[in-house]
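All remarks here apply to the structure that follows.
Please treat every number below as a calculation from the coordinates, not as lab data. In this text the structure is predicted, and so the values were computed from the model without any measurement. No Cβ is skipped: glycine too gets one built from the backbone with ideal geometry, and neighbour counts run over all protein chains shown.
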Amino acid sequence: MSGDAPPTGRPHAVQAPAEAEAYAQRGSVGVAFSICVYCGSREGTDPRFAAVAAEAGRWIGERGGQLVYGGGRNGLMGIVADAALAAGGRVLGIIPHAMVEREWAHHDCTELLVVDTMHERKRLMAEHADAFLALPGGIGTLEEFFEAWTWRQLGYHDKPVGLLNLGGYYDPMLAFLQRSVEHDYMAPWQMDLVRVGAEVAPLLDALVREAATARGAPERLEAL
């Protein structure tokens, strides 16, 4: 790939890992903030979950932010990406070759990075985000959420992590985690590393503000 930017308004797929990292880093310059969203590749049975995915995407796009996500076109993943794009946001999708071959990729992303492994996908998603938010989802969503949380408690990053508990979807999981605290497998401070909320707009606002403060860049709050 040459050093020139792709034509304005057209999605661009990058496949070489080193090239992908450099391209994503360059493309992210100038965005107000960057939020990594984990969510289901299905819509689920509750229409509120699809609605809240769209709300999250709009919130990010309307405020000049970047959505970082797994690059899929199905379910809540496609909904949040489409809403962010429609609202004028930048969407960075990161997806493994195997998922592209299954025709799961969202080719309308601002940038679509195609990588070799799931590990590389998650690493790049984390590197290009200022904060993380988990919406409703299944084991893939949970695995990504727990990894971002674990990395924070180990000190690999200090980026805020959020969990949208719409309609009590995550109540059983949170109760189980509290039981882990009671049995001394976790400490209360570890639970405090995750910001839990039932409404997506206030939760996103809090995550972005916390991320800006952590980076020592309070002037970015003025964009909200």
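Note that region 173-179 has calculated 3J(HN,Hα) couplings of 5, 5, 5, 4, 5, 5, 5 Hz, one per residue in order, obtained from phi through the Karplus relation 6.51 cos²θ - 1.76 cosθ + 1.60 (θ = phi - 60°); glycine and proline are x. Across region 49-187, the relative contact order, built from alpha-carbon pairs under 8 Å that are at least six residues apart, equals 18 percent.
Here, P(r) means the percent of Cα pairs in each 10 Å bin from 0 to the largest distance; for region 12-212 it is 9, 39, 37, 13, 2. Loop-resident GluC sites (Glu not before Pro) (DSSP state other than H, G, I, E or B) in region 46-154 with no more than 10 further Cβ atoms inside 10 Å of their Cβ: E103.
Among the trypsin sites (Lys or Arg not before Pro) in region 125-224, none is located in a DSSP loop while being surrounded by at most 11 other Cβ atoms within 10 Å of its own Cβ. Size estimate for region 42-122 follows the Kirkwood approach: the inverse of mean 1/r over distinct Cα pairs works out to 12.5 Å.
For G71, the residues 5 or more places off, or on other chains, whose built amide H falls under 5 Å of its own are I94.
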